[in-house]
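Chemist: One structure is given below, represented as structure tokens, and several questions about it will come after.
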Amino acid sequence: MDTFVLGAQIASGAGALDKLLELSCDRAAVVCDPFMAKSGASHQVTDRLDKIGCAWELFDRVVPDPTVDVVSACVSLFMEVRPTCVVALGGGSAIDTAKAASYIYTRTAKVDRPLFVAVPTTSGTGSEVTSFSVISDPEAGVKYPIVSDELLPDHAILDPELTRTVPPVVTADTGLDVLTHALEAYVATDATDMSDALAEKAAAVVFECLEHVVEHGGDIVARERMHNASCMAGVAFNNAGLGLCHAMAHALGAQVHLPHGRCNALLLPHIIRFNAKDPAVCARYARIAARVGCCCHTDVVAVEGLVRKIEQLMRAVHVAPVIEDEERRALAREKIDVMVANAQKDRCMPTNPVTATPEQIAELYRSIC
């Protein structure tokens, strides 16, 4: 028997942020990064909370690749505020921080779980509709994916206006993260017809829109489509699982401190070729390759066409096929054994359709450094 979980109630499109005006809560904790607070973007949330008479406190200490220490500080604020609602505003780091903090706070304080509202400002992680939260331990050089249905937000607000000013490089990295979510979910061992449909659509939208959005960030229609694609891919992988690419990307990012979407993009073409050595997986890739317009005379040709289409998109959005910074490349080569060990233990690994040996994982890492 298959199960399919949607979780969050999704409000999307221009003006979706007004969904906050329909909330019923008296104390809120708003979680964001320092830029959101200093730029005034957080006011778009807090002003609406003021209108419904909801008291709020701001936690604006979110960092990229949220750390154990930052999550602990956020939990401390929750213990003081005792929020009945948590609003996460930002990219995956803000949403993951708020998810983990809410999860820990609920258990520590022995209270009912606060209403959770995720307001993504980048089109990438899909964290607004998933039961995943990824937390980093810089001292150990490890990223820990936390997986629990209790992490699923109650509301996801997809307002494309919040993404209009996202810089091109961030737009590219997060958009390629969406593509990785879709393609990994499509071949994951827990994939179903319903997750397939969302993965196919998300991948198609990325190929149609990402290059344009990187070059024309003010196009609100294209921004909305990418925001929706991110959400669809999130629902897909939340149900189907991910795989080797994300497991390796988590380990790579923890060591060399590259953006998560960039790590996925670097590895994705190589991992597709690796997985596609299995004929059944090759056939799966061929089906989604046909959906996004690749030549499909045979399954093998289709997969190679898909890989080349990904590599072409990467070039178009100015993402190199290898780690560009020489210091990071050297560090990655030095840490291959550590990364292999951490990737093997990653929570995303079990749903990869093909088992990878340590030697094969190491060789995949060498292909990008």
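The values are calculated or read from the model by the stated rules, or taken from the named source; none is laboratory data. In this text, all values refer to a predicted model and were calculated from it rather than measured experimentally. Reconstructed Cβ throughout: ideal geometry from the backbone, glycine too, with neighbour counts over all protein chains shown. These area figures cover heavy atoms from the full protein model, side chains too; ligands, DNA and RNA do not enter into them. Shrake-Rupley method; radii C 1.70, N 1.55, O 1.52, S 1.80 Å.
Chemist: Among 158, 179, which is the only one that is under 16 Å from the mean Cα position of the chain (by Cα), farther than 18 Å from residue 12 by Cα, open to solvent by less than 10 Å² (accessible area, probe 1.4 Å) and not hydroxyl-bearing (Ser, Thr, Tyr)?
Modeler: Going through 158, 179 in turn, just one is under 16 Å from the mean Cα position of the chain (by Cα), farther than 18 Å from residue 12 by Cα, open to solvent by less than 10 Å² (accessible area, probe 1.4 Å) and not hydroxyl-bearing (Ser, Thr, Tyr): 179.
Chemist: Right, something else. Is it the case that some residue within the range 81-97 is in contact with a Ser or Thr (Cβ under 9 Å, 6 or more places away or on another chain), closer than 18 Å to residue 162 by Cβ, in contact (Cβ under 8 Å) with a residue 40 or more places away in the chain and open to solvent by 30 Å² or more (accessible area, probe 1.4 Å)?
Modeler: Scanning the range 81-97 turns up at least one residue that is in contact with a Ser or Thr (Cβ under 9 Å, 6 or more places away or on another chain), closer than 18 Å to residue 162 by Cβ, in contact (Cβ under 8 Å) with a residue 40 or more places away in the chain and open to solvent by 30 Å² or more (accessible area, probe 1.4 Å).
Chemist: Taking the range 199-221 as the search range and keeping residues that are part of a loop (DSSP other than H, G, I, E, B) and either touching a strand residue (DSSP E or B) at 6+ places or on another chain (Cβ under 9 Å) or in contact (Cβ under 8 Å) with a residue 40 or more places away in the chain (or both), which one is most open to solvent (accessible area, probe 1.4 Å)?
Modeler: Out of the qualifying residues, it is 218.
Chemist: Another question, then. Looking only at the range 1-43, which residues are in contact with a strand residue (DSSP E or B) (Cβ under 7 Å, 6 or more places away or on another chain) and over 19 Å from residue 57 (Cβ atoms)?
Modeler: 8, 9, 10, 11, 12, 16, 17, 19
Chemist: Condition (residue is touching an Asp or Glu at 6+ places or on another chain (Cβ under 8 Å), buried (at least 20 other Cβ atoms within 10 Å of the Cβ), touching a residue at least 40 places away in the same chain (Cβ under 8 Å) and part of a helix (DSSP H, G or I)) applied to the range 35-50: is it met by at least one residue?
Modeler: yes
Chemist: What number of residues within the range 341-369 satisfy the criterion of being more than 23 Å from residue 311 (Cα to Cα), among the polar types (S, T, N, Q) and surrounded by 14 or more Cβ atoms within 10 Å (Cβ to Cβ)?
Modeler: Residues meeting the conditions: 3.
Chemist: Please enumerate the residues belonging to the range 323-369 that are charged (D, E, K, R), in a loop (DSSP other than H, G, I, E, B) and over 24 Å from residue 284 (Cα atoms).
Modeler: If the condition is that a residue be charged (D, E, K, R), in a loop (DSSP other than H, G, I, E, B) and over 24 Å from residue 284 (Cα atoms), then 324, 325, 335 are the ones that fit.
Chemist: Among the listed residues 263, 245, which satisfies the condition of being free of Cβ contacts under 8 Å to residues at least 24 places away in the same chain, open to solvent by less than 10 Å² (accessible area, probe 1.4 Å) and assigned to a helix (DSSP H, G or I)?
Modeler: The match here is 263.
Chemist: A further question follows. If residue 196 satisfies every condition in (1) of a type outside the set (S, T, N, Q); (2) more than 19 Å from residue 12 (Cβ to Cβ); (3) open to solvent by 10 Å² or more (accessible area, probe 1.4 Å); (4) in contact with a Lys or Arg (Cβ under 7 Å, 6 or more places away or on another chain) but one, which is the exception?
Modeler: So the condition that residue 196 fails would be (4).
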